[in-house]
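Engineer: Pasting in a structure now, in structure tokens, and then I'll have a few things to ask.
Quick note: the coordinates plus some simple rules give every number you see, no bench work behind them. Computed from a predicted model, the values in this text were never measured in an experiment. Every residue, glycine as well, gets a Cβ built from its backbone with ideal geometry; the counts of neighbours run over all protein chains shown.
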Amino acid sequence: MSNLEIKGEIIPQELTDTVIGSVVSIFNTILGSEPKFDGDDSDKKIGDGVVGIISFVGDVTWLLMLAIPRKSAEAISLQFTGFEVDYESPEMGDVVGELANVLAGDIVARFARQNTKIGMSLPTIMRGHDVEPLLPRGIPSAKLHFSLPQGELMLKVAGAKKGESLGRKPGT
């Protein structure tokens with residue numbers, strides 16, 4: 001069992017470092033170029049975009065929101081699938097859901113190597129303008145920004161304190 005724990009209103013560095021490592025590895029593999037981590041900016045918005053949300057439950061409870069602006073989603077989906085995917089189509093949600101799923105699987109594997117056991121939910125997908133789920137007050141979170149040749153992507157990481165729940169249960 002890990003001693004990773006969310007306390008106060010700050011996401012532990014170990015959690016954000018693991019997420020950043022997964023993003024760099026997975027998107028480098030999928031897109032052939034390494035994403036550049038641009039930092040944490042909680043005020044930046046995605047504009048028109050699509051968001052894939054996955055919850056994690058286990059030794060630590062938290063959720064991950066992968067947000068991809070429209071132009072980036074179109075370019076990334078083309079490279080990921082090998083064909084154009086219309087932004088307005090249900091297939092765009094499938095693509096972003098699968099990207100979130102692949103990313104989450106890598107995160108679970110990384111934590112398993114660190115003896116931190118977590119399970120992940122199925123992705124929930126949203127599309128709109130500046131889509132961002134509202135979280136209860138006091139939930140610690142970080143918004144991580146990345147640049148790619150195909151555009152940009154953002155991840156919001158939000159954690160629940162020990163004994164609290166957040167998001168969907170694994171497998172749902």
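Engineer: Which residues, counting only those in segment 125-160, are under 21 Å from residue 13 (Cα atoms), of a type outside the set (D, E, K, R) and either in a strand (DSSP E or B) or under 12 Å from the mean Cα position of the chain (by Cα) (or both)?
Structural biologist: Hits for segment 125-160 are 141, 142, 144, 145, 146, 147, 153, 154, 155, 157, 158, 159.
Engineer: Here's a check for you: in segment 12-42, which residue that is among the hydroxyl-bearing types (Ser, Thr, Tyr), over 19 Å from residue 78 (Cβ atoms) and in contact with a helix residue (DSSP H, G or I) (Cβ under 9 Å, 6 or more places away or on another chain) is surrounded by the fewest Cβ atoms within 10 Å (Cβ to Cβ)?
Structural biologist: Among those residues, the one meeting the criterion is 25.
Results for (1) touching a helix residue (DSSP H, G or I) at 6+ places or on another chain (Cβ under 8 Å); (2) among the β-branched types (Val, Ile, Thr), shown as yes or no for each residue.
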| position | (1), (2) |
| --- | --- |
| 44 | no, no |
| 60 | yes, yes |
| 79 | yes, no |
| 89 | no, no |
| 104 | no, no |
| 112 | no, no |
| 135 | no, no |
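Engineer: Something else now. Return the residues of segment 94-107 that are surrounded by fewer than 19 Cβ atoms within 10 Å (Cβ to Cβ) and touching a Gly at 6+ places or on another chain (Cβ under 9 Å); say none if nothing qualifies.
Structural biologist: Of everything in segment 94-107, those that are surrounded by fewer than 19 Cβ atoms within 10 Å (Cβ to Cβ) and touching a Gly at 6+ places or on another chain (Cβ under 9 Å) turn out to be 98, 101, 106.
Engineer: Within segment 111-124, is even one residue in a helix (DSSP H, G or I) and surrounded by fewer than 21 Cβ atoms within 10 Å (Cβ to Cβ)?
Structural biologist: yes
Engineer: Taking residue 78, is it part of a helix (DSSP H, G or I) and crowded, with 22+ Cβ neighbours inside 10 Å?
Structural biologist: Answer is no for this residue.
Engineer: List the pairs whose first member sits in segment 99-110 and is without any contact (Cβ under 8 Å) to a residue 60 or more places away in the chain and assigned to a helix (DSSP H, G or I), whose second member is buried (at least 16 other Cβ atoms within 10 Å of the Cβ) and of a type in the set (Gly, Ala, Ser), and whose Cβ atoms are under 6 Å apart, counting only residues at least 6 apart or on separate chains?
Structural biologist: Going by the 6 Å Cβ cut-off, the qualifying pairs are 100/52.
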